[in-house]
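The values are calculated or read from the model by the stated rules, or taken from the named source; none is laboratory data. If you're wondering where the values come from, they're calculated on a predicted model, not measured in any experiment. Cβ placement follows ideal geometry from the backbone for every residue including glycine, while neighbour counts extend to all protein chains displayed.
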Amino acid sequence: MSTAPPGAPLVTMTGIVKDFTGVRALDGVDFTLRPGEIHAVMGENGAGKSTLIKVLTGVHGHDAGEILLDGRAVRFSGPKAAQAAGISTVYQEVNLAENLSVAENLLAGREPRLGPFIDFRAMRRRAEALLDDLGIELNVAAPLSAYSIAMQQLVAIARAVNIDAKVLILDEPTSSLDRDEVAVLLGLMRRLAAEKGTAMVFISHFLDQVYEICDRMTVLRNGRLVGEWATADLGESELIGHMLGREAATLEQIERAAAAHHVADEAPLVDAKGLGRKGSIAPFDLTVRRGEVVGLAGLLGSGRTETARLLAGADRADAGELDFEGARVGGHNPRTAAGRGIAFCPENRKTEGLVGELTVAENMILAMQASRGWVRSIPAAQRTRLVAEFIDKLGIRPADPDMPVKHLSGGNQQKVLLARWMLIEPKLLILDEPTRGIDVGAKADIQRLVAELSGGGMAVVFVSAELDEVTRLSDRIAVLRDRALIATLEAEADMTTERIVDTIVAGGER
Amino acid sequence: MNTVLTRVRAAAGDGWASPYLKRLIWPLAVLVLLIVVNVAITGFDFLVPGVQDGRLNGAFVNILRRSAPLLVIALGMTLVIATKGIDLSVGAVYAIGAAIACQWISGPNENALGTVLIAVAAALAVAAVIGAWNGTMVAAFGIQPIVATLILMIAGRGIAQLITGGQIPDVNDTSPFVELGRGAILTIPVPIVIAAAVLAAFAVLTRRTALGLLLESVGGNPEASRLAGIRAKGITILVYLVCGLCAGLAGIIGAANLGSADANNGGLWIELDAILAVVIGGTALIGGRFFLLGTTIGVVIIGTLEVTIINVGLSSQWQFTAKAIVVLAVALLQSPEFRAFTLQPFRRRTPAAAVQEAAK
Amino acid sequence: MSTPTLTARPSRAAALDGLGRYVPIGATVALLALMYLGGLGNYRNFDNPQLIPDLFIGNAGLLIIGVGMTFVILSGGIDLSVGSVMAFSTMACAWLTVDAGVSAPLAVGLVLALGVVSGTLTGIVIHYFDVQPFIATLVGLFLYRGLTLQISAEDVSMRDVAFFDWGMTRVEFGGSPREGGFSLPYLSFLALAVVAIAFVVLHYTRFGRGVYAVGGNEQSALLMGLPVARTKVGVYAISGFCAALAGVVSAFYTKSADPLRGVGLELDAIAAVVIGGTLLTGGAGFVLGTVAGVMVMGLLSTIIAFQGNLNSWWAKIVVGVLLLAFILLQRVLARSGEKRRT
């Protein structure tokens, strides 16, 4: 298969740098892949995993650095060129044509032909043989949409295998598979590595799968390389520590007002009982009191975002009950939630938070205006005053209310989003990764603000991938793993990153 | 604090208008160019109106008068496009509005003011219902706007013919109805007054209330708007309703001007002209920011273009070709891929050069 | 090491999903049968053997355009320029043969070539410059109507060009109509040949399957390494060719060129495609469904003619109602499909 001598790297990426307008997504990352090995790339959201993959497969061009395939420098124009060179990718969302048959999906672009016409009988035979070889039995003539997402995922892998891939990239392929299906997939990966010498890049947030299948791991954090280890040399808690990292040194200590303790005896503001949503988060119990910061900690894909979205009404729960201020919440959606005083800053600022084309001022007043209805416009003077006040209070730079919000930096965008909700003076503020991808100064500003708001009596639910941040801010921490809430840490002594990591690791051994 | 406040105030003074003005510069330049060409050929009479029979007269006034129905429709279309939508049925609704009004009035009572008022009200009500239907299909059933409004684009003219019984109903010149198309208030032709009133009403409706902001938010980022608690469905239905209402009103003006309603040819292709005017005016088809004044300029450009073609000595058939060139130029100018493509070999190039490039 | 084998069969609900593809076209065929039987029951002479063949004479142009439109819509696009391109082709045939003295076969060849080139350019603007199909083809709608009118604002007769007699030369089947047989002119065979070729191309070639893949999910098709650019440009080239061919057929049929012919024909073609069960958002449908869709629209006009006291506008209203029904049907099928998988 490979023309490289045994043991020599198949893919070598050195000093890869990739900038997206103003944000450095990859900063001098090195990555090596040897023939026949299964290599995990680990990291949180925004660590640079998918950017690294996309640079390798030519979806993004890189700004500096070098990629060697079989010892030759390469730079692909796109996935198609990468495929031709033997690098295939299977994505988390199945990227196949659901409206075509299984056989067509397996062989699209490579169909056996008689003259110019597709030989459907030969295609069926070849597709069946291919699946049989991989231990999968499907009706290849049925449309792909007739099968579950899991089976579609296996078809996608079978397709990639069929294209004589030297390198197979599996980007979160198991996130929608059940236990048996995962077993088939992992068995398949082992056989490919052993029999065909295929090198595989495996991205998954299921640590047990990573430990079961991978030979080596490369860990990224905030676009930088943390290191490369043989799986046997890196324990699970060490790995989590590397992924979640520490930047405490650069941040000032935050003075927390002790407000939480005054109200601890009061009835909870939020009381979720058995709240859950099939396929996204198992039913959980959670309470939040006034003036309290509840942190949601867990790895990517643990269900922390899903928990926040259910509480905020962004997604509809299909199990359990939610009480707010002692009253049952019915018809929970973002609009009614805002009416009750529940504010939600979603994880993805650009696609779910801000309207990029609108100005800073317009984005700020959006929630307030929505709650007033379209007829009652906020008077210009009040609007100008409020916007100026919050630009000043949150230190939004540039302090130009009329600048389209898309031109602001990430940190300032996040502040605009926060200001939007502070304007309606919510009782509960739900923040999903408010500090992701923003500079250290803005990060400190936002942390200080959260402390201040909770000191003033606001309840805050705080989601972050950075454990240091969670432990510093939270009064209580709910720990999540594998789409379930596994523990709530309450004691002062438990507010440490080590304790959270231990809880996560222990949760996997249950 | 104080410094920020003054800065905000300063921005509110000149800054608010500037992004709007920036978008209007190009359409305005094109319009001025067209006017200059016409003035060069036919003299200043083109621009300067005279007064005849108690109403303004002159080439440019006539352009405005004839463009009034298109402007009314294009303004409604602007709001629909701002929500990432499109309304293909406006031409058919135009025909329906005209048909209802003329059919109702035509008869022994056609000189009675009451009859005319009831007829106009009935036509507008039906147009509004049709618009609300379109909006419901889009907002409640989740059908793509282009598909949802295609249904009435096809069926609508059939409905209009059904109303008129396949005839072309006439309204006598003595009926007060024709004043809507040919009359004048303080020497200003009524269609211009109506169109200006609609423009003013829209400006107030969208900029004095928060409707404009919420529309731009829904069109700019539907998911972020949902999470911010905006009631997007109701707003979407309202916008299609208003667009239907505008189409009906345009049909009434058109019918009043002709004194008859042709279900087959009345308002033919007006949906395409309206979309064209909106796009010329700087509102992008992908939704978001909208420019009522830009749309107005776009409408006047289309109207002036038709006259210019005659004035420069080309046959009137050229207007289709000219429109094709305008559509292509605007579409390519709005395409980032095209701009990247043309900028590639030259690095720096003025937009004017790109316009010429696109027009070729 | 033994690996477990995973067997999955489409569940019963999922098997229905596979059949769901055939629901719309089944509804169209049922509708067609119902209309024909209704006609037989209510009108004398409806059993005339020439009735069905006649649908393929008057509607030959619409059928050809509908085939091209099917390609475009399956790929997820739309083509508004077809009516104008058709009118321009007829007019160009007339101008080339009558005024410019070009030989008729050469004129036809030039016109067809122009259709392909024009469609290709449109496809390039749509794919490479990412201009919405609606707007890009709007250019063609205006441009070709304008050019047609510039050639001649009045009808041009081609009666003196012998070549154009060929199209209406009839072939009889089963004797003359009086003996229970029927006849079809050559131009109908041309239309049916276009349908047959389109069927084979869509179902038995890589290009055809690529059209479905691109219409199903363009992003996926790109990541699967399929030639998306070639496919997208190709469907507009095919549509341009079909529109030009429809113009030639129209020249055969009437032996004259009317500058205003085919105004709004793009809407009829889109309606026929949708009534034929093709999803307007692309990825699902059949070219034979379009044939059924064209027949529904033709039969509708026939029934209205037979009824006598009904007026032609009912055809438009009924087509609108059918469109609504099919769009809602597709929407319901799509929704139930989404629900089953989550």
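For this structure, a couple of remarks:
- In the range C:220-262, the residues that are charged (D, E, K, R), surrounded by 24 or more Cβ atoms within 10 Å (Cβ to Cβ) and within 14 Å of chain A (Cβ to nearest Cβ): none
- Once the range A:144-176 is narrowed to residues that are at the interface with chain C (Cβ under 10 Å from one of its Cβ atoms) and in a loop (DSSP other than H, G, I, E, B), the residue that is nearest to residue A:37 (Cα to Cα) is A:163.
- Test for residue A:64: is it over 22 Å from the mean Cα position of the chain (by Cα) and within 12 Å of chain C (Cβ to nearest Cβ): no
- Residue C:288 free of Cβ contacts under 8 Å to residues at least 12 places away in the same chain and assigned to a helix (DSSP H, G or I): no
- Selection of helices (runs of 4 or more DSSP H) fully inside the range A:34-143 by the criterion of at least 2 residues being closer than 30 Å to residue A:434 by Cβ returns A:49-56.
- Enumeration of residues in the range B:310-348 that are aromatic (Phe, Trp, Tyr) and modelled with pLDDT of 80 or more: B:318, B:320, B:338, B:341
- Whether a residue is under 23 Å from residue C:25 (Cα atoms) and away from chain B (no Cβ under 11 Å) was assessed, and residue C:299 passes this test.
- Of all residues in the range C:302-330, exactly one satisfies the criterion of being farther than 24 Å from residue B:164 by Cβ, at the interface with chain B (Cβ under 8 Å from one of its Cβ atoms) and surrounded by fewer than 17 Cβ atoms within 10 Å (Cβ to Cβ), namely C:328.
Residue by residue, here is whether (1) touching a Ser or Thr at 6+ places or on another chain (Cβ under 9 Å); (2) at pLDDT 85 or above; (3) of a type in the set (D, E, K, R) holds:
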position: A:230; (1), (2), (3): no, yes, no
position: A:241; (1), (2), (3): yes, no, no
position: A:246; (1), (2), (3): yes, no, yes
position: A:249; (1), (2), (3): no, no, no
position: A:253; (1), (2), (3): no, no, no
position: A:263; (1), (2), (3): no, no, no
position: A:266; (1), (2), (3): no, no, yes
position: A:275; (1), (2), (3): yes, yes, no
position: A:285; (1), (2), (3): yes, yes, yes
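- Any hit, the range A:427-434, residues being crowded, with 20+ Cβ neighbours inside 10 Å, within 12 Å of chain B (Cβ to nearest Cβ) and within 28 Å of residue B:206 (Cβ to Cβ): no
- Any chance residue B:198 is more than 8 Å from every other protein chain (Cβ to nearest Cβ) and at pLDDT 90 or above: yes
- Candidate set from the range A:72-121 (those that are of a type in the set (Gly, Ala, Ser) and in contact with a strand residue (DSSP E or B) (Cβ under 8 Å, 6 or more places away or on another chain)); member that is farthest from the other protein chains (Cβ to nearest Cβ): A:73
- Exclusive hit being within 14 Å of chain A (Cβ to nearest Cβ) and assigned to a loop (DSSP other than H, G, I, E, B), set B:286, B:237: B:286
- Restricting attention to the range A:372-394, the residues that are more than 10 Å from chain B (Cβ to nearest Cβ) and either on the phi > 0 side of the Ramachandran plot or in a loop (DSSP other than H, G, I, E, B) (or both) total 1.
- The set of residues in the range B:7-50 that are more than 9 Å from chain A (Cβ to nearest Cβ) and at pLDDT below 70 comprises B:10, B:13, B:14, B:17, B:20.
- Just one residue in the set B:56, B:88, B:124 is crowded, with 18+ Cβ neighbours inside 10 Å, touching a Leu at 6+ places or on another chain (Cβ under 7 Å) and either in a loop (DSSP other than H, G, I, E, B) or at pLDDT below 90 (or both); that residue is B:88.
- Tally of residues being assigned to a loop (DSSP other than H, G, I, E, B) and modelled with pLDDT of 90 or more across the range A:197-210: 0
- Per-region count, the range A:211-231, residues part of a helix (DSSP H, G or I) and crowded, with 20+ Cβ neighbours inside 10 Å: 1
- Scoring residue C:217 on the criteria (1) buried (at least 24 other Cβ atoms within 10 Å of the Cβ); (2) closer than 22 Å to residue C:331 by Cβ leaves a single failure, condition (1).
- Counting the residues of the range A:446-500 that are in a helix (DSSP H, G or I), out of contact with any helix residue (DSSP H, G or I) (no Cβ under 8 Å at 6 or more places or on another chain) and closer than 15 Å to residue A:304 by Cβ gives 0.
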